[in-house]
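Data block below; observations after.
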Amino acid sequence: MLMSKLVLPALLLLVATGCPNGDSTVKVADDPPTVVVVSPIAGSAFDPLVPVQFCLAVADNSSDSLLQIVAQSTVDGEIWEFDGEPVECAGGNIGFEATLSDNDHTVQFTVTDVADQVGTASVELLRTENGAPICDILSPSDGSAYEANTVISFAAHAEDAEQAASELTAVLVSDVDGELWAGSPDSSGAITTSLSSLTSGYHTLSLEVTDERGLTDVCGSTIYMNECTDADLDGFTTCAGDCDDNDDTIYPEAEELVDGKDNDCDSITDEGSSYVDDDGDGYAETDGDCDDSDAEINPVASEIWYDGVDRDCDGGSDYDQDGDGFDDVAYGGEDCNDLDAAVNPGASETWYDGVDSDCAGDGDYDADHDGYDDVAYGGADCDDTDATINPVAGEIWYDGVDGDCDGWSDYDQDGDGFDDAMYGGDDCDDTDATISPVGSEIAYNGIDEDCTGIDLRDVDGDGYDSDTVGGTDCDDSDAAIYPSAPETWYDGVDSDCAGDDDWDQDVDGYVIDSHGGSDCDDTDATVNPAATDVWYDGIDQDCDGWSDYDADLDGYDSDVYGGDDCDDTLDTTRPGAADAAYDGVDADCLGNDDFDADADGYTYDVYGGDDCNDLDASINPGEVDSWYDGEDTNCDGANDYDRDADGYTSDSYGGSDCLDVDPTVHPGASDAWYDGVDGDCDGANDYDQDGDGYTADTYGGTDCDDTAIGINPAAYDVAYDGVDSDCDGGSDYDQDGDGYDSDAYGGDDCDDGDDTINPGAAEVYYDGIDQDCDGADDNDQDGDGYDYSEDCDDTDPADSTWYDFLDGSCDGVYDADLDGFESDVYGGDDCDDADDDIHPYRWEATDGVDNDCDGAADAADTNTPDVSLTGDDQTRVFTFGSGFTFNMCGTSYSSVTMSTNGRIFFGPSTTSYTESYSGVQQYRQILGVWDDLYAYSTDTAFVQHGADAVGFYWNTIPEYTTTNSNTFAIILLADGRAYVEYDGLAMTDGAAGYSCGGTAASAEVDLTAQFAAIPAGAVGMGNGTEDLIYELFDTSANDLDEYKWFYCMPDGTSDGDGDGWTTSCGDTDDTNSAVYPS
């Protein structure tokens, strides 16, 4: 954007300018500026991550600060604009820096001086070469298996030739559990982390490493997480050591049986069975030995208490010596005396005997368990049968119970020594110790402190309580001041406590003017400065001092009350005021007619009078008029140029009346035709009544109907209306003049607008025209019901096989809608072969139709995306799984990287959004439409796989910063082909096609033209030998919408005969260069 232009001085001066580059050319004021790029030099390489330092040598007679300088890149657009503050640089006078995107650029500099003269220069800059990073997963190795819940050590290595390893970014993703880790390698390139809680089953681990310029590498490893099962429901899973998960008698720690099985999974069979005395103490398990591995444990051994061992195998607790059923409290039990069977938690307590029989741990002298011993046994509980009564209990007043055992009266809550009056006492407020019969009374506080029944409220004793305590006495210190006392005005005292102003006797809110106020009558409340003045009553109600007979305040009293103001409601109407004519107002009160400005005695006709010119006294209804002088002197309104008063001006004065002395002759008068008289002054031929320029044929002319203007020899004849409009005498129902009347009007000509179409014409098939009017299908020459696009031989009604849209060979392919998928009626999988928008792998829309032919429509279709992408410039690796691979350019791939910007990558990828040839050539990829797209939700860019295909969908995805909609898809098929479909493209630019990457090179093609030219026998677009097929829509409108086709790409198959075709793409004999699809 250019800055505001400056005005060139009127005087041009010759200026000798010393330029920074040594040029001493003499510059004159009308020379354009010059600009030289000092640095960087042309062809320089730059790092896209580092700002480029630019230095310009600019010369002009104008000051540098007045120049407009703009730098624009062929890729990035405007990258810099001069702000009027020059920054010197080495060898130049204008320096600045700018960051360029990761592309080759030509930067042009445009310098405009104050005279709008322009100088330009440019420089080409090349980005530094950058290779993709390399990654390798070291652990776990591909194909490893782990038990569920195993923590797996993950290790990988990443490096980049141009960038430190620690500056790379990496993301580890599982195709089952999603993202597992994200971060950067260490300085050596090592990546280590631990993986835990992976879902059971197979996982494809993909590590994507990205350098600072967006190039990526993806390495992968497949592992298996073994699911831990307990099929025999014995409580032990395979991961917990169950050595036979089909036998519920076999598991770790199971009893070893004499059954020939390793029941306890210790790898020894039948050891230590219950029938054998394993420890040699004379007792086996069947004899009651509860531990046959220890000879000191058997039914006759002596018990050692509290060691946790049941030595005598009696089954009793080793921590219950007294055998009362309760373990000793010292060993985690509840028995507080394990030597006395009568003492245990289940025993009954005997109070006040000093023994804790029930081991409750409470005092034996606190029967009510309130924490206070009975007063009879040295405690302070005055009632040990009631837990609510004790020294810390809350006192409940007036219930007759000493709840807190303090011995105080239960009816004296405030402790002032007087019981509550409600309970037989004389304390009128038992919640306040200051109130009692001996309390001190305080005036005006509303409280009866001495319990006399009243509060002191009238100190001066005048019979009125003070207004401070709700009374009406405004001064309780003066007995002469109270509400009914007599008022003395203007003494400054409010004696009657009315609260009004003592200087305002009439209480109208205004002080009397004799005491500094503005009330001119303080005995009448209706008279004050705020009152509305009633005019003409002789009273100055608003105290403004103005005459009561001059309502409009113009200084003149009303003439109704002896003055001379003829309108006392308007201050503009008064004697001496300026009087404006025609406003209906006698502003100066002189009584003249306001609508007769020229005073000729006639009112102006604009205001209801009959004087047509009120500025000229010589023009009025009483004057005599003269004709043709242009002046209506007598104001009769008649046209001064229409003497005969027929309503038409004389043609001598620009009118149209050809005879202004005869009122019967004028335009619009009835003209008697064919009498030779021009009665209507139209100047027309009196023998051409319809005025069409042709004389009636009855008076020697050629007009066959002189009453209709549309009928004459030059008229266009409207066919089929029964009228010979052109007077040629021909049939009105044979428009094309081929001798056959139209079939719409009883004839047999099926196209009466074309003389080559009629029952006598020869038929030309397949041009869409029924030349011989026989009504037969023009595209079905043999009349067998199939048009030529479906009929293999349209001259033979017995041959009508479906047409194959790829090769046109009538080989029995049933694809009537030409969407590339055969009808399911004939063994294919297209569930609607009449609609090319319904076929396998189509995106499912909410329209009540099974769009993808999977047997379910709309919400009933449970297929969900495997991977979704959201946001701007996003990429994500998708691993196919289930053994699916896709051969791209001779390499088999099990995963690809999807970009929100409309393409999929096989190997290194990029997030670049600016389409270019280099961006197409550099990467191994298939481009649906490469453009700057924005995935605003999870259903706008997603991957969904089937049994024999993987689909990549961009659904209603908009271009970045727009709200337009673009829908397209790429389907990778198991047979090696790629299917692309476009269904709703709003974008006009972009790039499409495929590339093997690296040095792949090819001229740009027109894809839709290439599709139309696919030869018979070809598998799809492409011969199998092209490394690159593409089209850029940067200079032409994108025309892919509603197209769909297959790509047949290089898959490593050679072209043995050198004819440019591989067998994969349709060459049926690769030993014969003369045989290929054509």
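The values are calculated or read from the model by the stated rules, or taken from the named source; none is laboratory data. All values reported here derive from a predicted model rather than from experimental measurement. Because the Cβ atoms are built from the backbone with ideal geometry, glycine has one as well, and the counts that use them run over all protein chains shown.
Within the bounds of segment 719-726, is there any residue that is modelled with pLDDT under 85 and within 60 Å of the chain's Cα centre (by Cα)?
yes
What strands (runs of 3 or more DSSP E), lying completely within segment 132-225, carry at least 3 residues that are at pLDDT 90 or above and either of a type outside the set (A, V, I, L, M, F, W, C) or crowded, with 18+ Cβ neighbours inside 10 Å (or both)?
In segment 132-225, the matching strands (runs of 3 or more DSSP E) lie at 134-139, 152-159, 169-174, 178-183, 190-195, 201-210.
Is there a residue being touching a residue at least 60 places away in the same chain (Cβ under 8 Å) and hydroxyl-bearing (Ser, Thr, Tyr) anywhere in segment 147-170?
The answer is yes, given that some residue of segment 147-170 is touching a residue at least 60 places away in the same chain (Cβ under 8 Å) and hydroxyl-bearing (Ser, Thr, Tyr).
Out of ASP717, ASP680, which single residue is crowded, with 16+ Cβ neighbours inside 10 Å and closer than 30 Å to SER656 by Cβ?
Answer to the selection: ASP680.
Quick one: in segment 356-407, which of the residues that are in contact with a strand residue (DSSP E or B) (Cβ under 8 Å, 6 or more places away or on another chain) and among the aliphatic types (A, V, I, L, M) is nearest to THR431 (Cα to Cα)?
ILE389
In segment 693-708, what residues are among the charged types (D, E, K, R) and buried (at least 18 other Cβ atoms within 10 Å of the Cβ)?
Matches in segment 693-708: ASP703, ASP705, ASP706.
With respect to ALA991, is the statement that it is touching an Asp or Glu at 6+ places or on another chain (Cβ under 6 Å) and either of a type outside the set (Asp, Glu) or farther than 18 Å from GLN874 by Cβ (or both) true?
yes
Which one of the conditions (1) of a type in the set (Gly, Ala, Ser); (2) more than 56 Å from the chain's Cα centre (by Cα); (3) surrounded by fewer than 17 Cβ atoms within 10 Å (Cβ to Cβ) does GLY241 fail to meet, given that it meets all the rest?
All conditions pass for GLY241, except number (2).
Among the residues of segment 463-484, write down those that are among the hydrophobic types (A, V, I, L, M, F, W, C) and surrounded by fewer than 18 Cβ atoms within 10 Å (Cβ to Cβ).
Of everything in segment 463-484, those that are among the hydrophobic types (A, V, I, L, M, F, W, C) and surrounded by fewer than 18 Cβ atoms within 10 Å (Cβ to Cβ) turn out to be VAL469, ALA479, ALA480.
Considering each of ALA1009, ALA986 in turn, give the residue that is modelled with pLDDT under 95 and over 26 Å from PRO958 (Cα atoms).
Going through ALA1009, ALA986 in turn, the sole match is ALA1009.
Hey, among the residues in segment 429-462 that are among the hydrophobic types (A, V, I, L, M, F, W, C) and more than 22 Å from PRO483 (Cα to Cα), which one's surrounded by the fewest Cβ atoms within 10 Å (Cβ to Cβ)?
ILE454
Across segment 1032-1078, what is the number of residues that are in contact with a helix residue (DSSP H, G or I) (Cβ under 8 Å, 6 or more places away or on another chain) and over 23 Å from LEU972 (Cβ atoms)?
3
I need every pair where a residue in segment 742-759 that is more than 11 Å from TYR720 (Cα to Cα) has its Cβ under 7 Å from the Cβ of a residue that is at pLDDT 90 or above and aliphatic (A, V, I, L, M), sequence separation at least 6 or different chains.
Filtered contacts from segment 742-759: CYS750/ILE757; ASP751/ILE757; ILE757/ILE769.
Considering only segment 635-665, how many residues are on the phi > 0 side of the Ramachandran plot and touching a strand residue (DSSP E or B) at 6+ places or on another chain (Cβ under 7 Å)?
Qualifying residue count for the region: 1.
Contact list please: Cβ distance under 6 Å, first residue in segment 300-319 and without any contact (Cβ under 8 Å) to a residue 60 or more places away in the chain and buried (at least 16 other Cβ atoms within 10 Å of the Cβ), second residue among the basic types (Lys, Arg) and part of a loop (DSSP other than H, G, I, E, B), pairs at least six apart or on different chains.
ALA301/ARG311
Cβ contacts < 8 Å: first residue crowded, with 17+ Cβ neighbours inside 10 Å, restricted to segment 652-670; second residue of a type in the set (Lys, Arg), any location; separation 6+ or different chain. Result?
From residues that are crowded, with 17+ Cβ neighbours inside 10 Å, the pairs are ASP660/ARG643.
Which pairs turn up if I take residues in segment 481-501 that are in contact (Cβ under 8 Å) with a residue 24 or more places away in the chain and farther than 19 Å from SER514 by Cβ and look for partners that are surrounded by 11 or more Cβ atoms within 10 Å (Cβ to Cβ) and of a type in the set (Asp, Glu) with beta carbon separation below 8 Å, at least 6 apart in sequence or on another chain?
Within 8 Å, the pairs are CYS497/ASP467; CYS497/ASP473; CYS497/ASP475.
Could you please let me know if GLY990 is over 26 Å from THR870 (Cα atoms) and either not assigned by TED's automatic domain parsing to the domain that holds ASN851 or not acidic (Asp, Glu) (or both)?
Considered against the rule, which asks whether it is over 26 Å from THR870 (Cα atoms) and either not assigned by TED's automatic domain parsing to the domain that holds ASN851 or not acidic (Asp, Glu) (or both), GLY990 comes out as no.
Condition (residue is in a strand (DSSP E or B) and within 25 Å of ASP837 (Cβ to Cβ)) applied to segment 1012-1022: is it met by at least one residue?
Yes, the conditions are met somewhere in segment 1012-1022.
Matching residues to (1) polar (S, T, N, Q); (2) within 60 Å of the chain's Cα centre (by Cα); (3) in a loop (DSSP other than H, G, I, E, B); (4) over 30 Å from GLY241 (Cα atoms):
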position: THR286; (1), (2), (3), (4): yes, no, no, no
position: ASP291; (1), (2), (3), (4): no, no, yes, no
position: ASN298; (1), (2), (3), (4): yes, no, yes, yes
position: GLY308; (1), (2), (3), (4): no, no, yes, no
position: ASP324; (1), (2), (3), (4): no, no, yes, yes
position: LEU339; (1), (2), (3), (4): no, no, yes, yes
position: TYR352; (1), (2), (3), (4): no, no, yes, yes
position: ASP364; (1), (2), (3), (4): no, no, yes, yes
position: HIS369; (1), (2), (3), (4): no, no, yes, yes
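I'd like to check something: does segment 1006-1015 contain any residue that is touching a Gly at 6+ places or on another chain (Cβ under 7 Å), over 27 Å from LEU215 (Cα atoms) and polar (S, T, N, Q)?
no
Which of the residues that make up segment 107-125 are assigned to a strand (DSSP E or B), in contact with a Gly (Cβ under 9 Å, 6 or more places away or on another chain) and of a type outside the set (Phe, Trp, Tyr)?
Those that are assigned to a strand (DSSP E or B), in contact with a Gly (Cβ under 9 Å, 6 or more places away or on another chain) and of a type outside the set (Phe, Trp, Tyr): THR110, VAL111, THR112, VAL123, GLU124, LEU125.
I'm checking my understanding of the structure. Among residues of segment 1034-1055 that are surrounded by 15 or more Cβ atoms within 10 Å (Cβ to Cβ) and free of Cβ contacts under 8 Å to residues at least 40 places away in the same chain, which one is farthest from ALA1018 (Cα to Cα)?
ASP1039
Looking at segment 921-935, can you tell me whether even one residue there is part of a loop (DSSP other than H, G, I, E, B) and surrounded by fewer than 19 Cβ atoms within 10 Å (Cβ to Cβ)?
no
Out of everything in segment 226-238 that is modelled with pLDDT under 80 and of a type in the set (Val, Ile, Thr), what residue ends up being surrounded by the most Cβ atoms within 10 Å (Cβ to Cβ)?
The qualifying residue surrounded by the most Cβ atoms within 10 Å (Cβ to Cβ) is THR238.
Tell me which residues, restricted to segment 461-516, are out of contact with any strand residue (DSSP E or B) (no Cβ under 8 Å at 6 or more places or on another chain), more than 26 Å from CYS543 (Cα to Cα), hydroxyl-bearing (Ser, Thr, Tyr) and outside any loop (DSSP other than H, G, I, E, B).
THR468
Let's see how each residue does on (1) surrounded by fewer than 22 Cβ atoms within 10 Å (Cβ to Cβ); (2) part of a loop (DSSP other than H, G, I, E, B); (3) touching a residue at least 40 places away in the same chain (Cβ under 8 Å):
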| site | (1), (2), (3) |
| --- | --- |
| GLY848 | yes, yes, no |
| CYS853 | yes, yes, no |
| ALA856 | yes, yes, no |
| THR864 | yes, yes, yes |
| GLY881 | yes, yes, yes |
| SER892 | yes, no, no |
| MET898 | no, no, yes |
| ASN901 | no, yes, no |
| GLY907 | yes, yes, yes |
